[in-house]
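The values are calculated or read from the model by the stated rules, or taken from the named source; none is laboratory data. None of these values were measured; they are calculated from a predicted model. Backbone-built Cβ (ideal geometry, glycine too); neighbour counts: all protein chains shown. Ligands, DNA and RNA are excluded from the accessible area calculation, which covers all protein heavy atoms including side chains. Shrake-Rupley method; radii C 1.70, N 1.55, O 1.52, S 1.80 Å.
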Amino acid sequence: PDRWYQHYTGPVTPLYCSGFEGPEELEGWQLGTGWAQGAPQGQGGDPAAAYLGVGIVGQNLAGTYMPSSSTKLISPAIPTQGFKKVRLQYRRWLGVEDGYFDKATIFINDLPAWRNLDSKKGDSSNTHHHDREWRYHDIDISPAIKDDSVQVTFHLKSDQGLQLAGWHIDE
């Protein structure tokens, strides 16, 4: 799905970090229908193991996401402490249909910051997103800072057709 690997070089100041190793690391998070914390099972295109440690948060840790659904993972409000430049950096394992059919979106304070590719070929759209390894993903979320904080939402809206692995998040 990605033609290039991402890498970030430069100084960073961690504002919020989680490895999703246990329920205590989900404090303040809202898990929508189908989301869970635990060890992935490697079924339906899911990862066989966490990126680090044993726990992750993801959709159906033992298979594919539900058809005709709309579900979210929502972070607590994260203070940006006056920083003008803020980045979301995490590890992702994502499997979804072409964006014409299934929409995997990251929202920052309800503003879209990233979305899977819609190949714009109507019913012939077939550029599905299949991460086959844990991918580092870096997004500049500075334009969405509001009231000196950000709230991150991982959203998946699926159609009734093909279902794949869905979102899996670590680190």
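Those strands (runs of 3 or more DSSP E) of the stretch 79-119 in which 1 or more residues are open to solvent by less than 10 Å² (accessible area, probe 1.4 Å) occupy 87-92, 103-108.
Residue count for the stretch 67-78, restricted to those that are surrounded by 13 or more Cβ atoms within 10 Å (Cβ to Cβ) and assigned to a strand (DSSP E or B): 5. The set of residues in the stretch 120-162 being assigned to a loop (DSSP other than H, G, I, E, B) and either within 16 Å of K72 (Cα to Cα) or in contact with a helix residue (DSSP H, G or I) (Cβ under 9 Å, 6 or more places away or on another chain) (or both) consists of Q151, S158, D159.
The set of residues in the stretch 96-115 being within 15 Å of the chain's Cα centre (by Cα) and farther than 13 Å from H155 by Cα consists of E97 alone. Does any residue of the stretch 40-63 turn out to be part of a loop (DSSP other than H, G, I, E, B), open to solvent by 60 Å² or more (accessible area, probe 1.4 Å), in contact with a strand residue (DSSP E or B) (Cβ under 8 Å, 6 or more places away or on another chain) and of a type in the set (V, I, T)? No, the stretch 40-63 has no match at all. Specify which of the listed residues (E25, E21) is assigned to a loop (DSSP other than H, G, I, E, B) and touching a strand residue (DSSP E or B) at 6+ places or on another chain (Cβ under 9 Å). Just a single option satisfies the conditions, and that option is E21.
Residue check: is E171 acidic (D, E) and closer than 24 Å to G55 by Cα? Yes: the conditions hold for E171. Entry remark, the stretch 120-148: residues being open to solvent by 50 Å² or more (accessible area, probe 1.4 Å), closer than 18 Å to G99 by Cα and among the acidic types (D, E) number 1 in total. For the stretch 120-139, the criterion of a residue being touching a Gly at 6+ places or on another chain (Cβ under 9 Å) and aliphatic (A, V, I, L, M) is satisfied by no position. Q37 meets all of the listed conditions (1) over 25 Å from L117 (Cα atoms); (2) among the polar types (S, T, N, Q); (3) modelled with pLDDT of 95 or more; (4) part of a loop (DSSP other than H, G, I, E, B) but one, namely (4).
For the stretch 96-119, how many residues meet the condition of being free of Cβ contacts under 8 Å to residues at least 24 places away in the same chain and out of contact with any Gly (no Cβ under 8 Å at 6 or more places or on another chain)?
Initially, the stretch 96-119 is screened for residues free of Cβ contacts under 8 Å to residues at least 24 places away in the same chain, giving 112, 115, 118-119.
Subset that is out of contact with any Gly (no Cβ under 8 Å at 6 or more places or on another chain): 112.
Residues that pass the stated criteria total 1.
With respect to the stated conditions, Q30 fails to be modelled with pLDDT under 95, over 28 Å from Y5 (Cβ atoms) and open to solvent by 20 Å² or more (accessible area, probe 1.4 Å).
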